[in-house]
1. With a 1.4 Å probe and all protein chains in place, put 121, 110 in order of accessible area, largest first.
2. Sort 18, 112, 7 by accessible area with a 1.4 Å probe, largest first.
3. Suppose each label sits 7 Å from its Cα in the direction of the beta carbon; what would the residue 11-residue 104 distance come out to in nanometres?
4. Evaluate E = 1/(1 + (r/R0)^6) for residue 19 and residue 40, where r is the Cβ-Cβ distance and R0 equals 25 Å; express this FRET efficiency to the nearest 0.05.
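The values are calculated or read from the model by the stated rules, or taken from the named source; none is laboratory data. Nothing here was measured: the structure is a model prediction, and the numbers come from that model. FYI the Cβ positions are ideal-geometry reconstructions off the backbone, even for glycines, and counts take in every protein chain you see. What goes into the accessible areas is simple: the full protein's heavy atoms, side chains included, and nothing from ligands, DNA or RNA. Shrake-Rupley method; radii C 1.70, N 1.55, O 1.52, S 1.80 Å.
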Amino acid sequence: MRNKVLEIIKRRLKLDDESLDDLIMDYIEQAEWKIRNYCNLKVVPEGLLFTWASIAIDLFKINHPNEEVVQSLTDDSFNSFTVGKFSATKNSGQNQGTTNSSDNLLTSYTSELNAFRRLKTI
């Protein structure tokens, strides 16, 4: 199933070459470990395939923010916009104490993961 996750990630990131495959596979394995531990499962079920891919992409984005493919996903080409009387300006500061880390990553996916979560028996 890891190869299926790799295919999904490559489609989502629009990667044609295989230059990042080994690096992405590391994050696929890390995401698998996180899912299996959180859900208390021996194998990640097929129903979590796309969630698994999303978690792996998030891990990749957190750990490699300067990769060209990551920068293209988080395009910072605009600083402000106005619609009618409403206007918004993007915060231009670098690294404003972001809490986005691989440690608390699963909190974004609890609704999907809880459907597969099992009680741990001792």
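1. Values: 121 120, 110 45 Å².
Descending accessible area places them as 121, 110.
2. Values: 18 140, 112 75, 7 110 Å².
Ranked list, largest accessible area first: 18, 7, 112.
3. With each label point 7 Å from Cα toward Cβ, the separation is 3.3 nm.
4. Numbers: r = 36 Å, r/R0 = 1.42.
Computed FRET efficiency for residue 19 and residue 40 comes out at 0.10.
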